[in-house]
Amino acid sequence: LAKLNHRGGTLIYKKEMLSYAKKRLQRLEELRYDFVKQKIFLAYQPIYNIQKKRLSGLEALMRWEHKEGEFVSPTEFIPLAEQSGFINRLGRWAILQALEKLNWLHNSGWPNIKMAINLSVLQLQQPDLITELTNAIQEFNIPPEYIELEITESVAMKDFEQNLKVLNELKKLGIKLALDDFGTGFSSLSFLRDLPIDRIKIDKHFIQNIDLIGGKEFIELIIQLGHTLDMSVTAEGIETIEQLNRLHSLNCDCIQGFYFAKPMAKEILLNWLNEHSNL
Ligand code: C2E
Ligand code: MG
Ligand code: MG
Ligand code: MG
């Protein structure tokens, strides 16, 4: 604090803040512009049920190709979009894209595939979310139980009562809900019990640390907790056969990760699916 009150210190501090804010603003402008230019698209990552030994579904992940071959990570632009409110437009677009794709897949020889879509907390607070989803489900003629909306643990905690109401309405539509990045936030067990959640997704951070002391036990506990609460459990970030085998032996239901498949652009997705039609 003393340093900040010092004149020179304050100046430098302010300058840095300003250029940081400017850069972010510029990035946001680029995002809006590129969105209109259709440089945002969805990639789809397959999710595999290791117990039933079959493909479970896909997760839609946003991609931004800012310049040719130059991608901006969603971990950068999603928070930016969230802070500016642009996420509502982006998120609405993603839902429609993903559901259109799902309908197409259901009619292209993959009638049992599910689609997971990430949902921002801000979207939960949009008054027309339920109406839009209801309309989209009708328009694309999709059985709602094939749709899974992923919300992050931190999201589940903010404005809990209000969010819970919306989540219950989504459940009434027949849509499935997953708690994403589980273990990274600070949700209490009672939150988990009270949320109408069908699935827990264990964050990849825990998979990467499986060999640290207590790492395996921690994962095992999450899986047991999920099953006790009648939820399915997916492990994210599976990169090796060893990790897959261990998650299988720990009774994890599904896995997602580069070992099984990377997120793919829609142009190559159907090829991949057809090459893996034994799944
Ligand atoms: P997430 O929902 O937890 O998605 C899983 C992330 O793990 C994805 O990162 C995916 O590419 C990555 N991943 C999958 N398998 C592996 C693996 O084996 N190893 C490693 N190291 N990573 C793996 P991605 O695509 O960069 O997305 C990051 C986050 O951005 C997502 O995390 C999600 O929170 C957010 N996001 C992406 N698309 C959307 C969207 O359409 N809407 C919203 N609200 N958020 C999104
Ligand atoms: Mg997700
Ligand atoms: Mg996750
Ligand atoms: Mg994540």
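Observations, loosely collected:
- Counted without the sites themselves, the longest stretch of the chain free of chymotrypsin sites (Phe, Trp or Tyr not before Pro) in a DSSP loop having at most 16 other beta carbon atoms within 10 Å is 1-185.
- DSSP loop GluC sites (Glu not before Pro) with at most 16 other Cβ within 10 Å: longest gap in the chain: 69-238
- Considering only the chain, percent of DSSP beta bridges that pair antiparallel, nearest 5: 45 percent
- Measuring nothing but alpha carbons in the stretch 134-248 and taking Rh as the Kirkwood radius, the Rg to Rh ratio lands at 1.02.
- Per-residue HN-Hα couplings for the stretch 245-257 [Karplus 6.51, -1.76, 1.60; θ = phi - 60°; Hz; x = Gly/Pro]: 4, 5, 5, 4, 5, 8, 6, 5, 6, 10, 10, 9, x
- Of K67/K101; K22/K204; K15/K39; K39/K171; K52/K201, those spanning more than 21 Å from alpha-carbon to alpha-carbon: K67/K101; K22/K204; K15/K39; K39/K171
- For the chain, the Cβ-based charge dipole about the Cα centre amounts to some 760 debye (Lys, Arg positive; Asp, Glu negative; other atoms uncharged).
- Sequence-ordered 3J(HN,Hα) estimates for the stretch 54-59 from the Karplus curve with 6.51, -1.76 and 1.60 and θ = phi - 60° stand at 8, 4, 9, x, 10, 10 Hz, glycine and proline given as x.
- Kirkwood hydrodynamic radius over Cα pairs of the stretch 1-151, then Stokes diffusion coefficient at 4 °C and 1.567 mPa s, in µm²/s: 73 µm²/s
- Seen from G57, the other residues with C-beta closer than 13 Å to its C-beta sum to a net charge of +1, counting Lys and Arg as +1 and Asp and Glu as -1.
- For L90, the solvent-accessible surface computed with a 1.4 Å probe is close to 0 Å², ligands and nucleic acids excluded.
- Kirkwood hydrodynamic radius (C-alpha pairs) into Stokes-Einstein, the stretch 144-184, 25 °C and 0.890 mPa s, D in µm²/s: 232 µm²/s
- Size descriptors for the stretch 72-120: radius of gyration and Dmax over Cα atoms are 13.4, 40 Å.
- Binned Cα-Cα distances of the chain, short to long, each 5 Å bin given as a whole percent: 1, 5, 11, 15, 16, 16, 14, 9, 6, 3, 2, 1, 0, 0
The values are calculated or read from the model by the stated rules, or taken from the named source; none is laboratory data. Since we're looking at a predicted model, the values are computed, not measured. Counting neighbours? That spans all protein chains shown, and the Cβs are built from the backbone with ideal geometry, glycine included. With ligands, DNA and RNA removed, areas are computed over all heavy atoms of the protein, side chains included. Shrake-Rupley method; radii C 1.70, N 1.55, O 1.52, S 1.80 Å.
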